[in-house]
Amino acid sequence: MPLIGFGTWKLRHDRARDAVLSALAVGYRHIDTATMYANEAEIGQALADSAVDRADVFLTTKIRPTDAGKARAIIRQSLKALGTDYLDLWLVHWPPSRRGDSHQLWNELLEIQADGLARDVGVSNYSLTEIDDLARSSGHAPAVNQIDWGPTLYDERVLAGHAAHGIAVEGYSALKNTNLDDPALAKIAAAHGVTPAQVVLRWHLERNVTVIPKSAQPDRIAANFDILSFTLTPDEITSIDALAGG
């Protein structure tokens, strides 16, 4: 899974298609969507219109927990809309309210993976306790947990807990969760000749957390991807970590 992805929450209709086309043109090779976003068809159109080969794109979508018992029908709908015959990653969007439904839906995803329709399966917005429950009930831990993340939410125990299970952490709302005017970020950005937003996104990579920034503006889409030309020092990383205590 590429550590930099393109998020598509709230992007609809032509805005979704155009934004994904811009992202692919810039170099993104990881696209994140969900059934709930109601934009899978537009993303599928962008993938079809792009010169990028499907095999070179890591494609993620998510199933609603209310669709427990209907996973096979839902993935068929998603695959048709996206114009592909497999997903790279399929996530449960948030935990079902009933424990039995959680186990049922997770087992459905594992069956879908075994059939080759999804290469990997995971969850989103799950706690470590909920992940432990899934792993115990099925014998299989999720490959990924996509969670609300950013410097102000940094918690080493969360990262360590996922690492102990071999679960990749994927963070969303990185920029929404951050005060980009914070002096600590401004100082680091000035030292590298980049923006505070780029510093925050780079910090995710330094912490081995996949990040999926979203924008409909081509210039911002490009800037959010342009975070591979610099690295943060250990002291800078620690300074950003400390924003969680602010």
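Key figures
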| quantity | calculated |
| --- | --- |
| Every residue from segment 65-79 that is closer than 22 Å to residue 1 by Cα and of a type outside the set (Val, Ile, Thr) | 78, 79 |
| Residue list for segment 118-136, filter: at positive phi and touching a residue at least 40 places away in the same chain (Cβ under 8 Å) | none |
| The lone exception for residue 115 - which of (1) crowded, with 19+ Cβ neighbours inside 10 Å; (2) without any contact (Cβ under 8 Å) to a residue 12 or more places away in the chain it fails | (1) |
| Residue ID - nearest to residue 85 (Cα to Cα), chosen from residues in segment 3-59 that are open to solvent by 50 Å² or more (accessible area, probe 1.4 Å) and under 16 Å from the mean Cα position of the chain (by Cα) | 29 |
| Residues satisfying the stated conditions in segment 8-33, i.e. outside any helix (DSSP H, G or I) and touching a helix residue (DSSP H, G or I) at 6+ places or on another chain (Cβ under 8 Å) | 8, 9, 10, 11, 12, 27, 28, 29, 31, 33 |
| Residue in segment 168-188 that is without any contact (Cβ under 8 Å) to a residue 40 or more places away in the chain, assigned to a helix (DSSP H, G or I) and within 19 Å of the chain's Cα centre (by Cα) present | no |
| Residue list for segment 153-177, restricted to those being at pLDDT below 95 and among the β-branched types (Val, Ile, Thr) | none |
| Close pairs from segment 224-238: first modelled with pLDDT of 95 or more, partner in a loop (DSSP other than H, G, I, E, B), Cβ under 7 Å, at least 6 apart | 224/213; 224/215; 225/27; 225/28; 230/194 |
| Members of segment 66-119 found to be outside any loop (DSSP other than H, G, I, E, B) and among the polar types (S, T, N, Q), listed by number | 66, 77, 78, 102, 104, 107, 113 |
| Residue satisfying all of: in segment 189-220; among the aliphatic types (A, V, I, L, M) and not in a helix (DSSP H, G or I); farthest from residue 231 (Cα to Cα) among these | 216 |
| Cβ-Cβ under 6 Å pairs, at least 6 apart or on other chains, segment 73-96 side under 13 Å from residue 109 (Cβ atoms), far side charged (D, E, K, R) and open to solvent by less than 30 Å² (accessible area, probe 1.4 Å) | 74/67; 78/40; 91/62; 93/62 |
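A quick yes/no check of all residues on (1) open to solvent by 20 Å² or more (accessible area, probe 1.4 Å); (2) β-branched (Val, Ile, Thr); (3) farther than 24 Å from residue 25 by Cα; (4) touching a strand residue (DSSP E or B) at 6+ places or on another chain (Cβ under 9 Å):
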| site | (1), (2), (3), (4) |
| --- | --- |
| 210 | no, yes, no, yes |
| 214 | yes, no, no, yes |
| 217 | yes, no, no, no |
| 223 | yes, no, no, no |
| 226 | yes, no, no, no |
| 230 | no, no, no, no |
| 236 | yes, no, yes, no |
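The values are calculated or read from the model by the stated rules, or taken from the named source; none is laboratory data. Predicted, not measured: the structure shown is a model, and the values here were computed from it. Please note: Cβ atoms are built from the backbone with ideal geometry, for glycine as well, and neighbour counts cover all protein chains shown. Just the protein is used for accessible areas: all its heavy atoms, side chains included, with ligands, DNA and RNA removed. Shrake-Rupley method; radii C 1.70, N 1.55, O 1.52, S 1.80 Å.
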